[in-house]
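Asker: Let me begin by handing over the structure; questions about it come next.
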Amino acid sequence: MSQAMLMKEYKDLSKEKWLKIELDDENIYRWNIALIILNPDSLYYGGYFKAIMTFPKDYPYIPPDFKFIRPLFHPNIYEDGKLCISILHAPGEDVMSGELASERWTPVQRTESVLISILSLLDDAEVSSPANVDAGIMLRKEPEKYKARVREEVEASKKDIPEGFVMPTHESTKPPVIEKYDDDFWADSDADNSFGGSDSDAEINHDDDDDDDDEDEDEDYMKGEESAQGDRTPLGEEVEDSEMTDHEQI
């Protein structure tokens, strides 16, 4: 069961840009990991932090183990590279430490949740009970000096970047911007223009029809006038014709 579950998690996490994973000698229970910090607001931005992650045979009922190969100067990281973080502690409530069961490992947790918790821990250290006392004191009393120390470790971590490996950045991992069209706008426009157009268009068409009717009436009127004029004889001609008729009769 654990092998199949870990293989699926391994394949899924191998697609992530912020993580580089390789199996140690094809052993699914031992992963060589590099955490790549892509958050530009992080003190650790641009770092390439190598680590080893080992899983028990009865995973996920027992949490994995995590250890940085190059130990970081951090309040919650021991000098040997191991972490002091609740999610990697065995299930159940710990009365001595005060940790609640909800803060510790549970079988519903997965490798990704552990790694995300570690990334969050780097910039949000718990200084009340530090694993590295000196780092905790420096962070509280000399924060600028602590930040300078972190920047040095970030630069040192870049020496572990494999040859030919292209480091992702915040910019290179941004999702592509997809232009979104306002479907409602086009739907409203289509509704306005459907079945012959807008009301103003209808009024214009109606006015055009009225103009056509007026032109037809004028044309009929002109034809009637021409016909009437053809039937009528000019007044002068009528008189002349009448006089000629009378003369002929004489």
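The values are calculated or read from the model by the stated rules, or taken from the named source; none is laboratory data. Quantities reported herein were computed from a predicted structural model and do not represent experimental measurements. Cβ atoms come from the backbone with ideal geometry, glycine included; neighbour counts cover every protein chain shown.
Asker: Mind checking whether some residue in the stretch 166-178 is surrounded by 11 or more Cβ atoms within 10 Å (Cβ to Cβ), part of a helix (DSSP H, G or I) and modelled with pLDDT of 80 or more? Don't jump to the end; show me each part of the working.
Answerer: Keep residues of the stretch 166-178 that are surrounded by 11 or more Cβ atoms within 10 Å (Cβ to Cβ), which gives 167-170, 173.
Then drop every residue that is not part of a helix (DSSP H, G or I), which leaves none.
Scanning the stretch 166-178, I find no residue that is surrounded by 11 or more Cβ atoms within 10 Å (Cβ to Cβ), part of a helix (DSSP H, G or I) and modelled with pLDDT of 80 or more, so the answer is no.
Asker: Taking the criterion of being touching a Lys or Arg at 6+ places or on another chain (Cβ under 6 Å), in contact (Cβ under 8 Å) with a residue 60 or more places away in the chain and in the same structural domain as LEU121 (by TED's automatic domain parsing), would at least one residue in the stretch 76-88 satisfy it? Don't jump to the end; show me each part of the working.
Answerer: Keep residues of the stretch 76-88 that are touching a Lys or Arg at 6+ places or on another chain (Cβ under 6 Å), which gives 81-82, 86.
In the following step, the residues that additionally are in contact (Cβ under 8 Å) with a residue 60 or more places away in the chain were identified as none.
No, every residue in the stretch 76-88 fails to be touching a Lys or Arg at 6+ places or on another chain (Cβ under 6 Å), in contact (Cβ under 8 Å) with a residue 60 or more places away in the chain and in the same structural domain as LEU121 (by TED's automatic domain parsing).
Asker: Looking only at the stretch 4-15, decide whether some residue is crowded, with 19+ Cβ neighbours inside 10 Å and under 19 Å from LYS158 (Cβ atoms).
Answerer: no
The rows are residues; the columns are (1) among the small types (Gly, Ala, Ser); (2) over 28 Å from ALA135 (Cβ atoms); (3) in contact with a Phe, Trp or Tyr (Cβ under 8 Å, 6 or more places away or on another chain); (4) surrounded by fewer than 19 Cβ atoms within 10 Å (Cβ to Cβ).
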| residue | (1), (2), (3), (4) |
| --- | --- |
| ASP41 | no, no, no, yes |
| PRO60 | no, yes, no, no |
| LEU88 | no, no, yes, yes |
| LEU100 | no, no, no, yes |
| SER113 | yes, no, no, yes |
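Asker: Can you confirm whether PHE49 is touching a residue at least 60 places away in the same chain (Cβ under 8 Å) and of a type in the set (A, V, I, L, M, F, W, C)? Please lay out each step first, then the result.
Answerer: Values: touching a residue at least 60 places away in the same chain (Cβ under 8 Å): yes; of a type in the set (A, V, I, L, M, F, W, C): yes.
Against the criterion (touching a residue at least 60 places away in the same chain (Cβ under 8 Å) and of a type in the set (A, V, I, L, M, F, W, C)), PHE49 qualifies.
Asker: For the stretch 8-23, does any single residue satisfy the condition of being modelled with pLDDT of 95 or more, touching a helix residue (DSSP H, G or I) at 6+ places or on another chain (Cβ under 9 Å), over 17 Å from VAL108 (Cα atoms) and polar (S, T, N, Q)?
Answerer: Checking the stretch 8-23: not a single residue is modelled with pLDDT of 95 or more, touching a helix residue (DSSP H, G or I) at 6+ places or on another chain (Cβ under 9 Å), over 17 Å from VAL108 (Cα atoms) and polar (S, T, N, Q).
Asker: Can you tell me which condition ILE118 does not meet? The list is (1) outside any loop (DSSP other than H, G, I, E, B); (2) over 28 Å from GLU142 (Cβ atoms), and all the others hold.
Answerer: So ILE118 meets the others, but not (2).
Asker: Could you please find all residues in the stretch 130-158 being free of Cβ contacts under 8 Å to residues at least 12 places away in the same chain and outside any helix (DSSP H, G or I)?
Answerer: Passing the criteria: only GLU142.
Asker: For the stretch 51-89, give me each residue that is more than 17 Å from SER117 (Cα to Cα) and hydroxyl-bearing (Ser, Thr, Tyr).
Answerer: Across the stretch 51-89, the qualifying residues are TYR59, TYR61.
Asker: Oh, and also: Pairs, please: C-beta under 9 Å, at least 6 apart or cross-chain, first residue on the phi < 0 side of the Ramachandran plot and in the stretch 112-129, second in a helix (DSSP H, G or I) and β-branched (Val, Ile, Thr)?
Answerer: SER113/ILE87; VAL114/ILE87; SER117/ILE87; ILE118/ILE87; LEU122/VAL150; VAL127/ILE137
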